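What follows is one structure encoded as structure tokens, with my remarks underneath.
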């Protein structure tokens, strides 16, 4: 187990997850230490998004065996909101639209949910504007309805904005690069890089190596058919980009954006 | 997580379940008869024409059959209702004259001191009679009349006689006929030509006697180029037996005038709320009904606008919320009687715990009413699988050169939405309240600030602590 500061933020042991009785994850073991960025790569259907959803406690994902510890605590018995308040965060591949709810009012409630005392409206306003500036977002964005009518890029940027405001200790980025043009990708990656530090552990889930050019991972793991089949340094990602996933005997598809 | 305990979300739990022990000075015997109607009119010392109007309405009421559509009204027992209660003999002229027990009730309702000072007039209908009324001086100087209907009739009989019962005739429907026979209280508003009333005129209504009907009657006249926003909100104590609320609201908006009428009703869940609301809008006039129905056992209410002359515009924005054993049958009616008229209906309904909502709308375009435009949008949100929502959009279009749009959606709070919000640390009840608040936001943002705040707070409060 590698750990830069000796503390493992996320520890997954032999995790088995089924969706509608079909087993998708078949024994995943993975550690993400505090302060490190780990990439999880794999072809479509390998179980990447299943892992993301299961870690956050989506009710449709059944954990049939294995363990997940976060900051030393078994989280599998916790509800989704309890995991979030403990410091876990998932940047969604397809964020849900919540009509009629403004980005700012949602984020203030979410921030207050994890604070001891409520942040004042003015202090929140300042915080939000500062983070939006960092992500080069128009201040008007704060008063739009959450994800409603957002372009693909706006949705992803909004996810990173939430990451920046909520300051969790573990961020799972589920295909954050999909649907982004190169400029949006840079901005999003920039945002994540600024948040990197001694505390934040990041699990970047991606099909392509592209995002990893901008968010340099400490470790890369390859997920095939619900199992981690290889782990290595960032050079592993480059090799995958050149050779594809075929060497693992997996069928690759190109439908993913 | 997403659906297991949703039905415990208690949005419709009644907030103001109390009543004071008021001793009414006069209470009519239960049941309806010519004697009761004559006694009401005699008590009020009304002119003969009003008594005749009441008696004719009583005959219409007896002739009319109950509606065979909409909600189940079979549990209304007309013989088991008091048709008139008078809490005190004279009207309070200033706040000091308002009896202490009535003031304490206002305190419990949370009507703030500041509101009394800043609002133009506070009319509080306590039982059948308006007990307190004040009009700010500058409104009086502008010639604006804002009185309870009984005083309006006494002090401005000439105006009342010209308009009373002209928009909703005394035989319009069974419940309008009932109201016409036994009406008491309500508001009379007259806005002279060109006068713009900048602050909303507010009235508070409340039922406070067992088995007592509430039959207020409101008449609003907006002269050419004038503007007024009338706001009414009600809360009522909870009683075990059925209660009937059957109001009539008539509005006349003349050339270039504009009237907005906002109602938030939170009747206790034993009340039958059967209200007839209708406005006529003349050339280039605008009439807007903003209507929120949160409580009651049964609501049947379809605010109407008759667009009489070119350029007239009508709007209905409504929210209905139905919980356990509640049936909200609400909607709108737009009659395009002239060319170049336009209407907009936006309806939002929420059903939970087996509650039932219906949108029932009627859009009519008369022959030769060319270039009319009408847009109807009704959205229903179902919180669980046991609840129900229906849409009955009737159209009667007798002119081909028109643009009519109708859009209806039924949605559920999705697991994805709840998961998303909860993944940011919101509890399930916070997440649910947020989705519901967002759903009604397009209408809530049209409400006066204090009502919008109250509405959102009500939803949040009811969601909190009600799940597992």
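The values are calculated or read from the model by the stated rules, or taken from the named source; none is laboratory data. Keep in mind that what you see is a predicted model, and the values were worked out from it rather than measured. Cβ placement follows ideal geometry from the backbone for every residue including glycine, while neighbour counts extend to all protein chains displayed.
Residue by residue through region B:140-159, note down the ones that are in a helix (DSSP H, G or I) and surrounded by fewer than 21 Cβ atoms within 10 Å (Cβ to Cβ).
B:140, B:141, B:151, B:154, B:155, B:157, B:158, B:159
For (1) more than 21 Å from the chain's Cα centre (by Cα); (2) in contact (Cβ under 8 Å) with a residue 60 or more places away in the chain, each residue gets a yes or a no:
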| position | (1), (2) |
| --- | --- |
| B:329 | no, yes |
| B:348 | no, yes |
| B:351 | no, no |
| B:355 | no, yes |
| B:358 | no, yes |
| B:370 | yes, no |
| B:373 | yes, no |
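Which residues, taken from region A:94-106, are more than 8 Å from chain B (Cβ to nearest Cβ) and in contact with a helix residue (DSSP H, G or I) (Cβ under 6 Å, 6 or more places away or on another chain)?
Result: A:102, A:103, A:104.
It is to be established whether one or more residues within region A:120-134 are surrounded by fewer than 17 Cβ atoms within 10 Å (Cβ to Cβ) and within 10 Å of chain B (Cβ to nearest Cβ).
The answer is no; no qualifying residue exists.
Just checking, which of A:210, A:186 is more than 24 Å from residue A:12 (Cβ to Cβ), surrounded by fewer than 19 Cβ atoms within 10 Å (Cβ to Cβ) and in contact with a helix residue (DSSP H, G or I) (Cβ under 8 Å, 6 or more places away or on another chain)?
Going through A:210, A:186 in turn, the sole match is A:210.
What about residue A:55, is it more than 25 Å from residue B:426 (Cα to Cα) and surrounded by 23 or more Cβ atoms within 10 Å (Cβ to Cβ)?
no
Checking residue A:68 against (1) crowded, with 18+ Cβ neighbours inside 10 Å; (2) within 14 Å of another protein chain (Cβ to nearest Cβ), which test does it fail?
(2)
Count, please, the residues in region A:19-48 that happen to be surrounded by fewer than 20 Cβ atoms within 10 Å (Cβ to Cβ) and either within 14 Å of another protein chain (Cβ to nearest Cβ) or more than 27 Å from residue A:190 (Cα to Cα) (or both).
Residues flagged as surrounded by fewer than 20 Cβ atoms within 10 Å (Cβ to Cβ) and either within 14 Å of another protein chain (Cβ to nearest Cβ) or more than 27 Å from residue A:190 (Cα to Cα) (or both) within region A:19-48 amount to 9.
Kindly state which strands (runs of 3 or more DSSP E) lie completely within region A:196-242 and contain at least 1 residues that are within 26 Å of residue A:156 (Cα to Cα).
Correct list: A:201-206, A:219-224.
Just checking, how many residues over region B:40-72 are surrounded by fewer than 14 Cβ atoms within 10 Å (Cβ to Cβ) and assigned to a loop (DSSP other than H, G, I, E, B)?
6
Looking at (1) facing chain A (nearest Cβ under 7 Å); (2) within 30 Å of residue B:371 (Cβ to Cβ); (3) crowded, with 19+ Cβ neighbours inside 10 Å, can you tell me which one residue B:424 breaks?
(2)
State whether the residues of region B:403-419 include one that is assigned to a loop (DSSP other than H, G, I, E, B), more than 10 Å from chain A (Cβ to nearest Cβ), in contact (Cβ under 8 Å) with a residue 12 or more places away in the chain and over 22 Å from residue A:81 (Cβ atoms).
Within region B:403-419, none of the residues are assigned to a loop (DSSP other than H, G, I, E, B), more than 10 Å from chain A (Cβ to nearest Cβ), in contact (Cβ under 8 Å) with a residue 12 or more places away in the chain and over 22 Å from residue A:81 (Cβ atoms).
Exactly one of these conditions fails for residue B:231: (1) touching a strand residue (DSSP E or B) at 6+ places or on another chain (Cβ under 6 Å); (2) over 19 Å from residue B:327 (Cβ atoms); (3) modelled with pLDDT under 85. Give me its number.
Against the list (1) touching a strand residue (DSSP E or B) at 6+ places or on another chain (Cβ under 6 Å); (2) over 19 Å from residue B:327 (Cβ atoms); (3) modelled with pLDDT under 85, residue B:231 comes up short only on (3).
Would you point out which residue out of A:42, A:72, A:66 is under 27 Å from residue A:213 (Cβ atoms) and over 14 Å from the mean Cα position of the chain (by Cα)?
Selected residue: A:42, the only one of A:42, A:72, A:66 that is under 27 Å from residue A:213 (Cβ atoms) and over 14 Å from the mean Cα position of the chain (by Cα).
Run down B:171, B:165, B:225 and say which single residue is at pLDDT 95 or above, part of a loop (DSSP other than H, G, I, E, B) and out of contact with any strand residue (DSSP E or B) (no Cβ under 8 Å at 6 or more places or on another chain).
Matching residue, one of B:171, B:165, B:225: B:225.
Restricting the search to region B:334-352, which residues are part of a loop (DSSP other than H, G, I, E, B) and under 19 Å from residue B:391 (Cα atoms)?
Filtering region B:334-352 down to residues part of a loop (DSSP other than H, G, I, E, B) leaves B:337-341, B:352.
Listed by number, the list holds a single entry, B:352.
Checking the conditions here, which among A:60, A:54, A:84, A:91 is under 30 Å from residue A:238 (Cβ atoms), in contact with a strand residue (DSSP E or B) (Cβ under 9 Å, 6 or more places away or on another chain) and either without any contact (Cβ under 8 Å) to a residue 40 or more places away in the chain or at the interface with chain B (Cβ under 9 Å from one of its Cβ atoms) (or both)?
A:54
Scan region A:193-200 and give yes if some residue there is in contact with a helix residue (DSSP H, G or I) (Cβ under 8 Å, 6 or more places away or on another chain) and touching a residue at least 24 places away in the same chain (Cβ under 8 Å), otherwise no. Show your work before the answer.
Taking region A:193-200 and keeping what is in contact with a helix residue (DSSP H, G or I) (Cβ under 8 Å, 6 or more places away or on another chain), we get A:194-195.
When the remaining residues are screened for being touching a residue at least 24 places away in the same chain (Cβ under 8 Å), the result is A:194-195.
Checking region A:193-200: at least one residue is in contact with a helix residue (DSSP H, G or I) (Cβ under 8 Å, 6 or more places away or on another chain) and touching a residue at least 24 places away in the same chain (Cβ under 8 Å).
Could you identify the single residue in B:370, B:399, B:407, B:446 that is touching a strand residue (DSSP E or B) at 6+ places or on another chain (Cβ under 7 Å) and more than 27 Å from residue B:276 (Cα to Cα)? I'd like the intermediate steps shown before the answer.
On the way: B:370 fails: touching a strand residue (DSSP E or B) at 6+ places or on another chain (Cβ under 7 Å); B:407 fails: more than 27 Å from residue B:276 (Cα to Cα); B:446 fails: more than 27 Å from residue B:276 (Cα to Cα).
Selected residue: B:399, the only one of B:370, B:399, B:407, B:446 that is touching a strand residue (DSSP E or B) at 6+ places or on another chain (Cβ under 7 Å) and more than 27 Å from residue B:276 (Cα to Cα).
Based on this model, can you work out whether residue B:440 counts as farther than 27 Å from residue A:163 by Cα, at pLDDT 90 or above and within 8 Å of chain A (Cβ to nearest Cβ)?
Criteria met by residue B:440.
Just checking, does region B:377-387 include any residue being away from chain A (no Cβ under 14 Å) and in a strand (DSSP E or B)?
yes
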